[in-house]
Protein chains: 2
Amino acid sequence: MSDTHNTAKTRVVGVDGVMYAYRRLGAATGTPVIFLQHFRGGLDNWDPNVTDGLAKDRPVILFNNAGVASSGGEPADTVMGMARHVTAFLDALGLKRVDLLGFSLGGFVAQQVALESPHLIRRVILAGTGPQGGEGMDKFTPKVTEHATREKPILEDFLYLFFSQSETSQAAGRAFWERRHSRLDQDVPSSAAAMAAQGNAIAAWGVVPEMDRYASLRRIEQPVLVVNGTDDIMVPTINSFILQQNIPNATLVIYPDSGHGAIFQYPELFVSHARLFLDGERHGH
Amino acid sequence: MSDTHNTAKTRVVGVDGVMYAYRRLGAATGTPVIFLQHFRGGLDNWDPNVTDGLAKDRPVILFNNAGVASSGGEPADTVMGMARHVTAFLDALGLKRVDLLGFSLGGFVAQQVALESPHLIRRVILAGTGPQGGEGMDKFTPKVTEHATREKPILEDFLYLFFSQSETSQAAGRAFWERRHSRLDQDVPSSAAAMAAQGNAIAAWGVVPEMDRYASLRRIEQPVLVVNGTDDIMVPTINSFILQQNIPNATLVIYPDSGHGAIFQYPELFVSHARLFLDGERHGH
């Protein structure tokens, strides 16, 4: 029996004094998919229907960056710093070639790792995310900020930030919330220091550069799948189109009646799309 | 044995003196998918890998609008006129509820039918197409016009108009060309009169309205799947994003390194995406 979302032990691996927390589940063989999490999120902010769905025929590894939730160490305050922790972690586990699934802030980090370490990364899934200096990524509405920075996040925050306001989407949000709490030993919340460091990284990533906007996207060599909801109020959905248009080998999927957390609203459909992408020959070069 | 792309007989059905040419293939039961073709295209401009792929578990019906290729009658010179022929044809076949797959001009027609006859249409796939008055749909480059209006279209026209200029895409274009010619009794070419009438319909559809741009999209009730290539030089790809953003229940898929004819470049992947869409419960309301 392979481990599942709810049975996989939380493990730690130490590099240069940083104890990274992670979980490994699913198949023993195949290219592992490393999950990189959103602002403040830890190992239990993922949807078991997504993690177990992808883990059916490949290893899935959930990872907390340094200083985030149950990981030790100082939280990095730049996307580049977070990317370095990812490669240190992969090295510590002896992983030579993996796929990345980066959600939101995790998607910023995934882009950076893919760019800096093309030999390590086979394919990349970018969910609810955007390019460095994208459209409308340098500011948030007061209501988004209020929900995103609540000391102890509650259901209503996720319903507002991750889902559309339709009845269907809100119901999907509540179902996600139940699924993500189905594991008994939940990861600890991230600290205020982690929130502050990540906030700085997000603010810097959002700054529109004076020239060569999106130039780094054109240097991403891996096949990429970009997914989002139709109206993401955290990272505006147009950024998913921009990612697709500028990354040389990128496929885009946008889901209806949904927001930032579309992959948690349509977990089965997303897993189907992700598997077609990860397993497809046509996407490779 | 059910009929396939290459064995299905070309049939005709008459309504008000117009003899519509069509072919029916695939499964005997299930919601039929009606294929609506591009500018000048006839029954043999489809990709057998797409038609047979979708026909595995549902009926597929290829249709020539009035005056197009082997259909009789006067070619309509408005999208609305073409939509009326579609509903007349459905009525003649006794079809009460179908799915539509509209490619390019066929996608304009599919939108119009979905809007005017919501009771007839269950779901819609829009490929390489755009909304009425979309972005850059009111003009074509001289080179596009030259290739699109050649008296007898040749391989090079399709390689330029439907595929990207990469080696991979061009090779996929040649493979498509072979597949689409694999049937022995090919449909006849469309007349110059059909080209002229369709050209007028396309020009009128491309005009940007002075107000309420995209208002009609917001009245489309059906679940819609929008697909295109990353750089469509006939109907700019941004229009696929616009369709997705304005149709209330629409999913978007954009393929890498491809153009207007992306569904012929990635036929198996497109069929997988189309089946997930057509069969999915989550898309329905």
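Below are the figures for this structure:
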{"quantity": "Failed item, numbered, when B:Glu281 is tested on (1) assigned to a loop (DSSP other than H, G, I, E, B); (2) among the charged types (D, E, K, R); (3) more than 11 Å from chain A (Cβ to nearest Cβ)", "calculated": "(3)"}
{"quantity": "Conditions (1) within 16 Å of the chain's Cα centre (by Cα); (2) closer than 23 Å to A:Gly30 by Cα; (3) open to solvent by less than 10 Å² (accessible area, probe 1.4 Å); number of the one not met by A:Gly130", "calculated": "(2)"}
{"quantity": "Residue match in segment B:271-281 (condition: modelled with pLDDT under 95 and not aromatic (Phe, Trp, Tyr))", "calculated": "yes"}
{"quantity": "Exclusive hit being more than 19 Å from B:Arg23 (Cα to Cα), part of a helix (DSSP H, G or I) and touching a strand residue (DSSP E or B) at 6+ places or on another chain (Cβ under 9 Å), set B:Phe89, B:Phe108", "calculated": "B:Phe108"}
{"quantity": "Selected residue (criterion: surrounded by the fewest Cβ atoms within 10 Å (Cβ to Cβ)) from residues of segment B:216-244 that are in contact (Cβ under 8 Å) with a residue 60 or more places away in the chain and away from chain A (no Cβ under 12 Å)", "calculated": "B:Arg219"}
{"quantity": "Extreme residue, most open to solvent (accessible area, probe 1.4 Å), among residues of segment A:1-55 that are in a loop (DSSP other than H, G, I, E, B) and among the aliphatic types (A, V, I, L, M)", "calculated": "A:Met1"}
{"quantity": "Flag if A:Ser191 is at pLDDT 95 or above, surrounded by 13 or more Cβ atoms within 10 Å (Cβ to Cβ), among the hydroxyl-bearing types (Ser, Thr, Tyr) and under 24 Å from A:Glu268 (Cα atoms)", "calculated": "no"}
{"quantity": "Scan of segment B:133-154 for residues that are open to solvent by 70 Å² or more (accessible area, probe 1.4 Å), within 27 Å of B:Ile247 (Cβ to Cβ) and not aromatic (Phe, Trp, Tyr), ordered by number", "calculated": "B:Glu135, B:Asp138, B:Lys139"}
{"quantity": "Residues that are in a helix (DSSP H, G or I) and open to solvent by 20 Å² or more (accessible area, probe 1.4 Å), drawn from segment B:63-80", "calculated": "B:Met80"}
{"quantity": "Matching residues, segment B:245-256, being open to solvent by 10 Å² or more (accessible area, probe 1.4 Å) and either more than 7 Å from chain A (Cβ to nearest Cβ) or in contact with a Gly (Cβ under 8 Å, 6 or more places away or on another chain) (or both)", "calculated": "B:Asn246, B:Pro248"}
{"quantity": "Hits in segment B:258-270 (condition: within 7 Å of chain A (Cβ to nearest Cβ) and surrounded by fewer than 24 Cβ atoms within 10 Å (Cβ to Cβ))", "calculated": "B:Leu269"}
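The values are calculated or read from the model by the stated rules, or taken from the named source; none is laboratory data. Just so you know, these numbers come straight off a predicted model, no measurement behind them. Using ideal geometry, Cβ is built from the backbone for each residue, glycine included, and neighbour counts are taken over all protein chains shown. To get the accessible areas, we keep the full protein, side chains included, count just its heavy atoms, and leave off ligands, DNA and RNA. Shrake-Rupley method; radii C 1.70, N 1.55, O 1.52, S 1.80 Å.
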